[in-house]
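First up is the structure itself, then whatever we jot down about it.
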Amino acid sequence: MTKIIGLTGGIASGKSTVSNLLRLSGYPIVDADQITRRLQAAHSKGLEQLVTVFGEQILNPDQTLNRYTLGSIVFNDQEKLNKLNIVMQPLIYDEIWRQVKHYRKQQLPYVILDVPLLFEANYANDCDLIIVVTVDRQTQLQRLMHRNGYSKFDAEQRINSQMSLAKKEKRADIVINNSGNRDELERQVANLIDQMRHHKL
Ligand SMILES: CC(C)(COP(=O)(O)OP(=O)(O)OC[C@H]1O[C@@H](n2cnc3c(N)ncnc32)[C@H](O)[C@@H]1O)[C@@H](O)C(=O)NCCC(=O)NCCS
Ligand SMILES: Nc1ncnc2c1ncn2[C@@H]1O[C@H](COP(=O)(O)OP(=O)(O)OP(=O)(O)O)[C@@H](O)[C@H]1O
């Protein structure tokens, strides 16, 4: 039976870095951020629904989604964030489980769900094991500002709109601490992969 491993964390905590390492070792990843981007592609039904809710202000001149603008609208207004979730979550949910089904059919030992909102959007109960990638707040802030070119205000707004990492850690089976350098992260992931290879998870 295919075991479902949930991989989550906070914004810029290092989920994608961890999932890329797992992918490189051959494990199948269901990537919610990638799925979301596909569902919001230019002229898609998802994007059309978002424009109906938030207006044309969320579009770039070439009709693609302006992610920064939409983020700025929803990440300081819970009501607007709820509206975004009402449009996107059902679409994301269907595609995530379609992909899981596909991997289950192949009878692979593990499938990894890389889902930022694993707890908030109720995927946790369907996981056999949950990994949370955590990071101290200062490092998270610095990495987010650096990666996205955000001001401190933009970065804090986005971090503060999420469930706290402390709360997520409490619900984890395994915590990967990514406050250190890349080597330290890779060592923790190598240890995880070793356990998966020996079917210890
Ligand atoms: C608002 C959007 C356009 C901002 O895009 P942007 O490129 O700036 O950020 P990106 O998508 O890379 O997300 C960065 C991080 O923000 C956090 N985040 C994203 N969506 C949400 C949300 N609905 N609620 C809380 N946090 C969120 C996650 O930690 C995520 O990893 C985008 O995040 C979006 O469309 N979100 C809704 C879809 C969703 O819920 N995605 C999460 C997958 S379960
Ligand atoms: N140990 C580390 N040392 C230095 N930089 C790191 C480390 N781990 C990750 N990073 C960098 O921090 C940033 C955030 O990492 P990553 O994109 O993997 O996070 P994420 O949790 O997937 O973020 P998001 O949820 O916002 O998509 C990236 O620019 C990444 O290259």
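No value in this document is a laboratory result; all are computed from the given coordinates. Bear in mind that the values here come from a model prediction, so they are computed numbers and not experimental data. FYI the Cβ positions are ideal-geometry reconstructions off the backbone, even for glycines, and counts take in every protein chain you see.
Brief remarks follow.
- Proximal charge balance of residue 11 [Cβ under 12 Å; K/R count +1, D/E count -1]: +3
- The range 3-197: Cα Rg divided by the 2.2 N^0.38 Å rule of thumb: 1.04
- Extending 7 Å from the Cα toward the beta-carbon at both residue 60 and residue 139 defines two label points whose distance is 3.2 nm.
- Projecting the Cα atoms of 123, 176, 196 onto the charge dipole of the range 81-201 (Cβ charges, centred on the Cα centre) puts 123 farthest toward the positive pole.
- With the simple model of a label 7 Å out from the Cα in the direction of the Cβ, residue 173 to residue 68 spans 4.0 nm.
- Ordering 115, 133 from the fewest to the most neighbouring beta carbons within 10 Å gives 115, 133.
- Calculated FRET value between residue 101 and residue 20, using beta carbons and R₀ = 22 Å, to 0.05: 0.40
- For the range 19-139, a crude dipole built from +1 on the beta carbon of Lys and Arg and -1 on the beta carbon of Asp and Glu, taken about the Cα centre, is about 340 debye to the nearest 20.
- From largest to smallest, the equivalent ellipsoid semi-axes obtained for the range 149-201 from the alpha-carbon gyration tensor read 29, 16, 8 Å.
- Relative contact order of the chain, taken over Cα pairs closer than 8 Å and 6 or more residues apart, is 37 percent.
- Rounded to whole Å, sorted largest first: equivalent-ellipsoid semi-axes of the range 113-201, Cα gyration tensor: 25, 18, 10
- Residue among 82, 140, 63 farthest towards the positive dipole end of the chain, charges placed on Cβ: 140
- Across 45/83; 15/45; 15/167, pairs whose alpha-carbon gap is larger than 25 Å: 15/45
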